[in-house]
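Here, each number is a calculation from the coordinates, and none is a lab measurement. Just so it is clear, the structure is predicted and the values come from calculations on it, not from any experiment. Here the Cβ is made from the backbone with ideal geometry for all residues, glycine too, and neighbour counts use every protein chain on show.
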Amino acid sequence: KSKETLQKEVATNQEKLATAQQAESDAQQARSASQQALNTAKTTQATAEKELSVHKATLANLQAVATKSTTNYEEKVRQTATAETSLQQTKDQLATINELIHNRAAVLEKAKTNVAEAQAIEQTSAKVLKEKQEAQKAEENTLNSLKEVLDLAKENLNQKQVALKTSTRSLTRLENAQPTYEKALNELNKAEAAVVQAQEAYE
């Protein structure tokens with residue numbers, strides 16, 4: 001081969017070598033970029049999994065709170081129903097007592113009339129007068145006793161009305177806690193979706 005031919009071959013080989021070296025460099029850069037993307041995907045997945053774990057723990061706590069709240073709510077409903085029943089019973093008792101007082105007042109009024117009549121015939125029936133007076137005294141004592149029972153029943157009614165109001169307020173607070181639980185559930189769903197996306201990106 002002539003010197004010129006050899007020089008051309010050398011130049012061609014050098015050009016091929018340069019091309020091969022450039023291709024190798026490009027391949028290394030592509031590999032580096034690919035590795036970086038893989039690392040980023042792994043980091044994203046790890047972060048998403050950590051967030052999911054936190055959200056799951058939060059949801060578990062919220063579910064426990066919700067279960068407790070539900071139990072409390074059911075207990076408050078039961079207590080409220082009991083309080084309402086007891087309140088109605090007390091009202092019925094008050095109605096009965098009021099009726100008794102009304103009847104006793106009528107009896108007392110009649111006894112007073114009887115005493116007045118007996119006094120008019122005192123000279124002819126002293127014994128009857130004494131009996132009427134004793135009957136009047138007995139009726140007065142009975143009326144006083146019934147009034148004491150009425151006062152106690154009214155106090156009991158007031159206490160039960162306060163208990164019913166307290167129970168009703170507790171029910172309202174428990175019902176207002178429901179939106180917080182639903183919001184936390186939505187956050188968990190979002191976190192699970194993020195993990196799925198990160199997994200797909202990694203794969």
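Quick look at the values:
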quantity	calculated
Options Ala83, Ala48, Ala23, Ala27: the member that is in a helix (DSSP H, G or I), among the small types (Gly, Ala, Ser) and within 30 Å of Thr166 (Cα to Cα)	Ala83
Which listed residue is over 30 Å from Lys165 (Cβ atoms) and part of a helix (DSSP H, G or I), from Lys76, Lys110	Lys110
Extreme residue, surrounded by the most Cβ atoms within 10 Å (Cβ to Cβ), among residues of the stretch 48-69 that are among the hydroxyl-bearing types (Ser, Thr, Tyr) and touching a residue at least 24 places away in the same chain (Cβ under 8 Å)	Ser69
Some residue of the stretch 21-40 being hydroxyl-bearing (Ser, Thr, Tyr) and surrounded by 12 or more Cβ atoms within 10 Å (Cβ to Cβ)	yes
